[in-house]
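A short write-up of the structure that comes next.
The values are calculated or read from the model by the stated rules, or taken from the named source; none is laboratory data. The structure displayed is predicted, hence computed values, not measured ones. Don't worry about glycine lacking a Cβ; one is built from the backbone with ideal geometry, like all the others, and counts go over all protein chains shown.
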Amino acid sequence: MDLKQLRAFVTVAETGNVTRASSLLNLVQPAVSRQLRLLEEDMGTELFDRSRHGMQLTASGKTMLEYARRILNEVARAKAEIQPTEGPVSGIVSIGLLASTSDLLATMLAGEVARRYPHIRLRLTIGYAGHLQDWLEAGDIDAALLYGQKETPALHVKALLEESLWVVAAPSAQLSRKRPMALSRVARESFILPAAPQGLRAVIEHAAAEAGVTLRVFAETNALSVQKELVAQGHGWTILPAVGVTDEVERGLLSAAPLASPGLKRTIVLAAPSSRQATAPVRCVVGALLDCVRTTFDDGRWPDARWLG
């Protein structure tokens, strides 16, 4: 097994076609097919189902794809970080952002990294906290914003801020931040929620159990954009961080209100794997990320939040 075989395998898996893969790799088709055949011989199993409809990964191929991507990412990081000590900071840094914070932070972070460290290549991964934690522990990303995460043997954690969760509905509901709503009242509505076992879903269900109410779930989705669109169209209500709906509320696409005391809160933390020493590029980008979070808080763009960092 070598890197040429892995690159050919990943490219074919992503394109589903040897012809397109050969064009991207700047190789003739027989050379790509040979790399795949050698890799399959080395692994002792077929990685693709070959048909006139294209190349489809087998079960073994899907498993191999995860490892191949990880190997290629690590090699790319190593090559980018091996540099003269007097040279500019460079390398590949992968940062995970919560879906609810990506609109607020992604563009700002990319701009800061480009301005401060033009030789660093930034990779942004957006997801729910559970997925981001899995990717952190697997080494697929270097650092991430999570919520409610405690220090573990696998992760270093730094608490940044505490934010409130709000009830969110279509504009016709006329919710207002000046009129907090009791969870017992909110429970009369149908809900659009993240699918279990996502952390936000667990927080919401725990609060409902504490209040002695049951939420009627109309639909579940792990796409924040879909969740908000279903709510905007009047298919149900939801509960989200205030920061995740500020823009839509200001544009009149959604209405939102805080939950009445004691309310619902979550803690945003910065997490990094404890098994790996942070490289200079990672430290630089994490510093820029912390500055971005603090700036948005100081500018009042992180509503109903309390700084902890």
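Observations
- In the stretch 287-309, the residues that are on the phi > 0 side of the Ramachandran plot form Cβ pairs under 8 Å with partners that are of a type in the set (A, V, I, L, M), at six or more places apart or across chains, as follows: Asp304/Ala242.
- Exactly one residue out of Arg266, Arg306, Arg294, Arg301 is within 30 Å of Ala138 (Cβ to Cβ), out of contact with any Cys (no Cβ under 6 Å at 6 or more places or on another chain), surrounded by fewer than 17 Cβ atoms within 10 Å (Cβ to Cβ) and not aromatic (Phe, Trp, Tyr), and it is Arg294.
- Within the stretch 162-188, restricting attention to residues that are among the charged types (D, E, K, R) and under 29 Å from the mean Cα position of the chain (by Cα), the residue that is surrounded by the most Cβ atoms within 10 Å (Cβ to Cβ) is Glu163.
- Matching entry among Arg52, Arg77 (being over 32 Å from the mean Cα position of the chain (by Cα), at pLDDT below 85 and either surrounded by 12 or more Cβ atoms within 10 Å (Cβ to Cβ) or not hydroxyl-bearing (Ser, Thr, Tyr) (or both)): Arg52
- Odd one out for Ala144, checked against (1) at pLDDT 90 or above; (2) more than 9 Å from the chain's Cα centre (by Cα); (3) of a type in the set (A, V, I, L, M): (2)
- Residue within the stretch 181-201 that is assigned to a loop (DSSP other than H, G, I, E, B), touching a residue at least 40 places away in the same chain (Cβ under 8 Å) and under 18 Å from Ala260 (Cβ atoms) present: yes
- Selection count, the stretch 229-256, where residues are under 25 Å from the mean Cα position of the chain (by Cα), within 23 Å of Glu205 (Cβ to Cβ) and part of a loop (DSSP other than H, G, I, E, B): 3
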